[in-house]
């Protein structure tokens with residue numbers, strides 16, 4: 001039963017992914033829609049970061065991850081290099097955890 005469900009979902013996923021290119025082949029998107037589709041990856045990444053930051057096993061929670069993301073956001077605002085942003089965010093989160101916060 002599980003194998004059948006996985007196969008059905010795989011075929012359905014492939015069909016949905018193939019449908020767009022097959023239907024719109026050779027056509028340009030309107031400029032407004034093109035601008036919106038250019039923003040989708042950033043919006044999805046922001047949603048992923050937000051949910052991974054505040055959602056825990058038992059529900060919503062504020063812990064060291066929030067401090068790490070906040071510190072990384074400040075580093076981005078100050079135009080720090082990407083590697084520095086990652087190290088700063090991880091360092092702040094680790095420090096807060098070492099201090100017993102989350």
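Remarks
- Dividing the mean sequence gap of close Cα pairs (under 8 Å, 6+ apart) by how many residues the chain holds gives a relative contact order of 20 percent.
- Of the options (1) 80, 44, 25; (2) 54, 45, 22; (3) 41, 29, 19, only one is Cα extents along the principal axes in Å as computed from these coordinates, and that is (2).
- FRET efficiency, 1/(1 + (r/R0)^6) with R0 35 Å, evaluated for residue 8 and residue 50 via beta carbons: 0.65
Each value in this text was obtained by applying a stated rule to the coordinates, not by laboratory testing. Bear in mind the structure is a predicted one, so any value in this text is a computation, not a measurement. Note that we place each Cβ from the backbone using ideal geometry, even for glycine, and neighbour counts take in every protein chain shown.
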